[in-house]
1. For the stretch 54-146, which helices (runs of 4 or more DSSP H) that fit wholly inside it have 1 or more residues that are crowded, with 22+ Cβ neighbours inside 10 Å and of a type outside the set (A, V, I, L, M, F, W, C)?
2. Taking the stated definitions as given, is Arg190 within 16 Å of Val118 (Cβ to Cβ) and surrounded by fewer than 23 Cβ atoms within 10 Å (Cβ to Cβ)?
3. Just the residues that are surrounded by fewer than 19 Cβ atoms within 10 Å (Cβ to Cβ) and at positive phi, please, taken from the stretch 206-249.
4. Being of a type in the set (Asp, Glu), in contact (Cβ under 8 Å) with a residue 60 or more places away in the chain and not in a loop (DSSP other than H, G, I, E, B) is the filter here, so list the residues in the stretch 184-236 that pass it.
5. Quick one: Gln237 ticks every box in (1) within 18 Å of Ala65 (Cβ to Cβ); (2) touching a Phe, Trp or Tyr at 6+ places or on another chain (Cβ under 9 Å) except a single one, so which number is it?
6. Return the total of residues in the stretch 52-76 being more than 20 Å from Ala257 (Cβ to Cβ) and touching a residue at least 24 places away in the same chain (Cβ under 8 Å).
7. Select from the stretch 147-167 the residues that are part of a loop (DSSP other than H, G, I, E, B) and of a type in the set (A, V, I, L, M, F, W, C) and write down the one among them that is surrounded by the most Cβ atoms within 10 Å (Cβ to Cβ).
8. If a residue must be over 27 Å from Gly222 (Cα atoms) and hydrophobic (A, V, I, L, M, F, W, C), how many such residues does the stretch 48-69 contain?
Amino acid sequence: MNAMNGMNGSGGVATDAVAAGMAAAGKRAAVAAAGSTAAPVLSVRGLKVAYGGIQAVKGVDIDVAAGELVSLIGANGAGKTTTLKAITGMLPWAGAISYLGRPIAGRKSFELLREGLVMVPEGRGVFARMSITENLLMGAHVRRDREVQSDIERMFGLFPRLKERAQQLAGTMSGGEQQMLAMARALMSRPKLLLLDEPSMGLSPIMVEKVFEVVRAVHAEGVTILLVEQNARLALQIADRGYVMDSGEVTLGGPAAQLLNDPKVRAAYLGEEL
């Protein structure tokens, strides 16, 4: 009612505001859908997240289609991690999020996990006092099938370093090895959508390359991935599509190769001069 009264009272000003809002929404939707033709596994519209009085995410639109690897890049503090936490039910949010064609408002993180929406968080979060094998078994705790052991062997094939140290405590491994374990543990749940939050953070250049090789290999197996990453060059090089996030908003979106060649992206995130 207040909105309607405002429109009646201020005439053209309110009409202009509504028109501008519709235009902005249309632009966001076009950015979200750019380059994607398949039905989305994940659809985010007008996502807003606030910490107290601070709006950290300001109306973000993102789509991820089945089989895609989509990279979300941006500077530290842009709102990337907050976006992932909202998608996985870890933070309260406003807007609309659909997963596998169904709205997920009000769903708990463990419920989404059971439906295949899985995140590898920033900082890895392995069970430090458990062995590698025990960590992998924890990743399969939501499953009730009899193929868990065969999937552990599959993870050892994908991550040979883990097989070499199957009984080693996770907390004694290097940062890069822990990142591989965190990814393998997530894959043990057989995700329909895998969210990766800053997998290269804090790793040596050699381990960064290895982690990205693994991400590429996981995607090649058919896993749908939404990758949040500050290393824009590597993230876009392995992606099908990408989004650029700045100050809580998606400012660009499209095929990854196109973003790699965008002068503004190259200047802001790849360290090149215009």
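The values are calculated or read from the model by the stated rules, or taken from the named source; none is laboratory data. All of these numbers come straight from a predicted model, not from anything done at the bench. A quick note on method: Cβ atoms are made from the backbone with ideal geometry, for glycine too, and the neighbour counts reach across all protein chains shown.
1. Values: elements: 80-87, 109-114, 132-139.
Once the helices (runs of 4 or more DSSP H) in the stretch 54-146 are filtered for at least 1 residues that are crowded, with 22+ Cβ neighbours inside 10 Å and of a type outside the set (A, V, I, L, M, F, W, C), what remains is 80-87, 132-139.
2. Values: within 16 Å of Val118 (Cβ to Cβ): yes; surrounded by fewer than 23 Cβ atoms within 10 Å (Cβ to Cβ): yes.
Yes: the conditions hold for Arg190.
3. Result: Gly222, Ser247.
4. Within the stretch 184-236, Asp197, Glu229 qualify.
5. (1)
6. Kept after step one, since they are more than 20 Å from Ala257 (Cβ to Cβ), are these residues of the stretch 52-76: 52-61, 66, 75-76.
Within this subset, residues satisfying the condition of being touching a residue at least 24 places away in the same chain (Cβ under 8 Å) are 55-61, 66, 75-76.
Total satisfying the criteria: 10.
7. Our first condition is that a residue be part of a loop (DSSP other than H, G, I, E, B); within the stretch 147-167, this holds for 147, 159, 165-167.
In the following step, the residues that additionally are of a type in the set (A, V, I, L, M, F, W, C) were identified as 159, 166.
Values: Phe159: 22, Ala166: 13.
Per the stated criteria, the residue is Phe159.
8. Restricting attention to the stretch 48-69, the residues satisfying the condition of being over 27 Å from Gly222 (Cα atoms) are 48-59.
Narrowing the set further to residues that are hydrophobic (A, V, I, L, M, F, W, C) leaves 49-50, 54, 56-57.
Of the residues in the stretch 48-69, 5 are over 27 Å from Gly222 (Cα atoms) and hydrophobic (A, V, I, L, M, F, W, C).
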